[in-house]
Structures are given as C-alpha cells and as structure tokens.
1. Given the options LEU11, LEU30, name the one that is aliphatic (A, V, I, L, M), within 22 Å of ILE112 (Cβ to Cβ) and modelled with pLDDT under 95.
2. Just to be sure I understand, how many residues within the range 78-92 are closer than 15 Å to THR32 by Cα and of a type in the set (S, T, N, Q)?
3. May I ask you to verify whether GLN41 is part of a helix (DSSP H, G or I), surrounded by 12 or more Cβ atoms within 10 Å (Cβ to Cβ) and at pLDDT 95 or above?
4. Go through the range 109-126 and count every residue that is at pLDDT 85 or above and in contact with a strand residue (DSSP E or B) (Cβ under 8 Å, 6 or more places away or on another chain).
5. If you check ALA87 against the conditions, is it in contact with a strand residue (DSSP E or B) (Cβ under 9 Å, 6 or more places away or on another chain) and without any contact (Cβ under 8 Å) to a residue 60 or more places away in the chain?
6. Tell me the residue from ALA51, ALA71 that is modelled with pLDDT of 95 or more and farther than 19 Å from GLU13 by Cα, please.
7. PHE46 versus (1) in contact with a helix residue (DSSP H, G or I) (Cβ under 7 Å, 6 or more places away or on another chain); (2) open to solvent by 50 Å² or more (accessible area, probe 1.4 Å): which is the lone unmet condition?
Amino acid sequence: SMEDVHKHIFLPEHFHIHDLSQQYPQATMLMTHRPKNKWLQDINRFFDLKARLLTQFQINVTDYPGGADQALLDLYDNHTQEMRQFAKQNPNHALIEIEVEQDDTAQQMATIFGGDISCWPDGPLQ
C-alpha cells in the first residue's frame, strides 16, 4: 500500500553500496558532513523522519541508554565509518568528504572539483 511505501527510506549508499560498486566500479563517492547534533535536530524536526530511520535500520531504542537520539547519533557515526571502511577496502573508488557547514566550503569544492571559487556558494552550504 502507499502507506507502507512512505514508511521506508531508500538509502542506496548504505543498503546497496555493493550493488552500486559493481555497476559503477570506478565511481567517486561523495560524503557530506555536518555537525551531528545539528543533523539530529533536523531529523527530529522533519515530520516522521526519526521514526522512519529507526524503522529502516531496525533499531531498538531500548538498547540505547540515551534513547532514540543516542541511537541516531550512533547511526550517524557508524554510517560514516562504514563508508570510509568500504572506500579503504575498494581503492578503485575515491572517497571525497566535504564539511558543508564550514566557512570554507566553497574553497573545498573548488579545490576538489576545479573551477573558480565563484562557481560555488559562499560560506556554509545550507
């Protein structure tokens, strides 16, 4: 049903990384970062995203002394480490990491991807 469809989140970079790697063996992986507490604030504000993430990752919040928020912060850290580990084990994939809320984000983007710094937004990406 449509109700069931809206309970799930499609996260191919997590759940289908090996399939993507087979289909695109030389792909560059781009992982964006932001302060995880700000990420969590947005997760908590965005409709039912918190519940959908907990469901999709089959997280039992009673396993976490800090409850759902701690579970999601751990998810954030674990996902980051898993992506780094995947890239390390698959050196044919370059992993580019960008801090999107730093003042020098535009400089980071210009340095990594080329082009004039004016091609990228000034300040943190929002």
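The values are calculated or read from the model by the stated rules, or taken from the named source; none is laboratory data. The structure displayed is predicted, hence computed values, not measured ones. Note that each Cβ is placed from the backbone with ideal geometry, even for glycine, and that neighbours are counted across all protein chains shown. Side chains included, ligands, DNA and RNA excluded: accessible areas come from the protein's heavy atoms. Shrake-Rupley method; radii C 1.70, N 1.55, O 1.52, S 1.80 Å.
1. Working: LEU11 fails: within 22 Å of ILE112 (Cβ to Cβ).
Checking each option against the conditions leaves just LEU30.
2. Let us first name the residues in the range 78-92 that are closer than 15 Å to THR32 by Cα, namely 78-84, 87.
Among the residues that remain, those that are also of a type in the set (S, T, N, Q) are: 78, 80-81.
The total comes to 3.
3. Values: part of a helix (DSSP H, G or I): yes; surrounded by 12 or more Cβ atoms within 10 Å (Cβ to Cβ): yes; at pLDDT 95 or above: yes.
In short, yes.
4. 1
5. Details: in contact with a strand residue (DSSP E or B) (Cβ under 9 Å, 6 or more places away or on another chain): yes; without any contact (Cβ under 8 Å) to a residue 60 or more places away in the chain: yes.
Taking the combined requirement at face value, the residue satisfies it.
6. Numbers: ALA51 fails: modelled with pLDDT of 95 or more.
Residue meeting the stated conditions: ALA71.
7. In the conditions (1) in contact with a helix residue (DSSP H, G or I) (Cβ under 7 Å, 6 or more places away or on another chain); (2) open to solvent by 50 Å² or more (accessible area, probe 1.4 Å), PHE46 misses (1) alone.
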